[in-house]
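Asks: Dumping the structure here so I can ask a few things about it.
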Amino acid sequence: MSSKLVKKEDFNFEVKNEFDYSFEVDKDGVYLIEIIASAKSWWQNLFKNHRSFLEDDNLTFKLDGLEFPKFSNKKNLFNGEVSWNGNNLKGLLKTDILITGLKKGLHSLLFLAQNTPFLKSIRITETAKENISFVPEINNPPQEGNRRQWITLILSNLALEDLKIVASADKLYFDDEDIKLIIDGQIMLN
């Protein structure tokens, strides 16, 4: 079985407080949910009309009530690896890729926001359990920026047998490009 697009929506709007996104799948299976969003840092929000002018944007989500807290098991959802943290992203885009098994029927992605992060798009794809492929340059090419998350892959109730990543980084004039792979909180070396 190859991948089958279930639903794709481009939003391009600021999320305020909560946004409940419902979608339906017509059969049990393994699905890839791609979410592209961004969040601004406190200094980018300095002159916006916020409750406190020293707050960054933050965005996180729950799938059917399932939370994705910080990897260290702290309860803070807005500072977890799955969240879009404005002080880390500084207004740039980040892609979360959630791969999970879903039962036939209606499902909910509940987005929770602090201040006004930006939701760009959601894409839901039914995929083969044996061979899942994702090509980020089609969906969210890297933007110029240092020390920030670009892609986060979340496996929910699935085991990973093999992982193949094809990536490259170039040496530029004054600054080089960097790639870091972190699995279960551990930095992978080459």
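Asks: Please count how many residues of the range 96-113 are open to solvent by 40 Å² or more (accessible area, probe 1.4 Å) and either closer than 19 Å to VAL15 by Cα or of a type in the set (Gly, Ala, Ser) (or both).
Replies: Within the range 96-113, the first condition is being open to solvent by 40 Å² or more (accessible area, probe 1.4 Å), and the residues that meet it are 101, 103-104, 106, 110.
The next check asks that each one be either closer than 19 Å to VAL15 by Cα or of a type in the set (Gly, Ala, Ser) (or both); those that pass are 101, 110.
Selection size over the range 96-113: 2.
Yes or no, residue by residue, for (1) out of contact with any helix residue (DSSP H, G or I) (no Cβ under 8 Å at 6 or more places or on another chain); (2) closer than 24 Å to GLY185 by Cα:
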{"residue": "PHE68", "(1), (2)": "no, yes"}
{"residue": "PHE78", "(1), (2)": "yes, yes"}
{"residue": "VAL82", "(1), (2)": "yes, yes"}
{"residue": "ASN87", "(1), (2)": "yes, yes"}
{"residue": "THR100", "(1), (2)": "yes, yes"}
{"residue": "LYS103", "(1), (2)": "yes, no"}
{"residue": "THR127", "(1), (2)": "yes, no"}
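Asks: Working only within the range 114-131, note down all residues that are open to solvent by less than 30 Å² (accessible area, probe 1.4 Å), within 23 Å of PHE78 (Cβ to Cβ) and over 14 Å from the mean Cα position of the chain (by Cα). Spell out how you get there, then give the answer.
Replies: At the first step, the residues of the range 114-131 found to be open to solvent by less than 30 Å² (accessible area, probe 1.4 Å) are 115-117, 119, 121-122, 124-128.
Those left that are additionally within 23 Å of PHE78 (Cβ to Cβ): 115-117, 119, 121-122.
Hits for the range 114-131 are ASN115, THR116.
Asks: Answer yes or no: is there a residue in the range 117-127 that is within 30 Å of LYS27 (Cα to Cα) and at pLDDT below 90. Walk me through how you get there before you give the answer.
Replies: To start, the set of residues in the range 117-127 that are within 30 Å of LYS27 (Cα to Cα) comprises 119-127.
After this cut, where a residue has to be at pLDDT below 90 as well, the list is 127.
Yes; the residues of the range 117-127 include at least one that is within 30 Å of LYS27 (Cα to Cα) and at pLDDT below 90.
Asks: Could you tell me whether SER83 is hydroxyl-bearing (Ser, Thr, Tyr), modelled with pLDDT under 90 and surrounded by fewer than 19 Cβ atoms within 10 Å (Cβ to Cβ)? Give the derivation first.
Replies: Details: hydroxyl-bearing (Ser, Thr, Tyr): yes; modelled with pLDDT under 90: yes; surrounded by fewer than 19 Cβ atoms within 10 Å (Cβ to Cβ): no.
Here the answer is no, as SER83 does not meet what is asked.
The values are calculated or read from the model by the stated rules, or taken from the named source; none is laboratory data. Since the model is a prediction, treat every value here as computed from it, not as a measurement. Heads up, the Cβs are rebuilt from the backbone with ideal geometry, glycines too, and the neighbour counts pull from every protein chain shown. These accessible areas exclude ligands, DNA and RNA; they are computed on the full protein's heavy atoms, side chains included. Shrake-Rupley method; radii C 1.70, N 1.55, O 1.52, S 1.80 Å.
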